[in-house]
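Enquirer: Just dropping this structure here.
Only the coordinates and a few stated rules stand behind these numbers; no lab work does. Since this is a predicted model, take the numbers as computed values, not measurements. We place every Cβ from the backbone using ideal geometry, glycine too, and count neighbours over all the protein chains shown.
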Amino acid sequence: MSEETKLAYIQERLREAKRHQRYGTFLTILGLIFIILYLFLLFRRWYLGNLNILVLLLGLGVFAWGLFENVRNDLKHRVLLDQLGKKTFATTCPKCGKDIPNVNFAFCPFCGVELERK
Ligand SMILES: [Zn+2]
């Protein structure tokens, strides 16, 4: 694999990891909503038979899944950034302000904002 292809590949993987991480965050929030709904039902003493426990299990399940996706992709993201091997940080992202590795990124590897190519 040429250096160029490898770079493009890593960039794509980075973008994918970020996307999955956002998906994980979404699931975490969704899970929390279900957990809050469960607490709300408990508080209002609305016992809907097995539905209460179903809401709780769904909430905990989705929450745990989201958290897992989040952590897993965060680690993947770190590993990929390491693989870039370039420790020179030339540019700073205009959106999130993080340092971007000096390897001609088309987008910010942290927040995904498109970058102007120089
Ligand atoms: Zn950024």
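Enquirer: Number of Lys-Lys pairs in the chain under 20 Å by Cα, sequence gap 8 or more or different chains?
Expert: Going through the chain pair by pair, I get 17.
Enquirer: Ok, one more. Among ASP99, ASP82, rank each residue by its count of other Cβ atoms within 10 Å, from fewest to most, as a rough exposure measure.
Expert: Least crowded to most crowded, the residues run ASP82, ASP99.
Enquirer: Amide H of ILE100 versus every other amide H placed in the peptide plane: which residues, excluding those fewer than 5 positions away on the same chain, fall under 5 Å?
Expert: Long-range HN contacts for ILE100: ALA90, THR91, THR92, CYS93.
Enquirer: What FRET efficiency would be calculated for the residue pair VAL113, ILE33, taking the C-beta separation as r and a Förster radius of 30 Å, to the nearest 0.05?
Expert: 0.60
Enquirer: Might you report the magnitude of the Cβ-based charge dipole of segment 3-85 about its Cα centre, with Lys and Arg at +1 and Asp and Glu at -1, to the nearest 20 debye?
Expert: The dipole of segment 3-85 has a size of about 320 debye.
Enquirer: Near the amide H of LEU115, under 5 Å away, which other amide H atoms are found, from residues 5 or more places off or on another chain, if H is placed in the peptide plane?
Expert: Answer set, sorted by chain and number: PHE107, CYS108.
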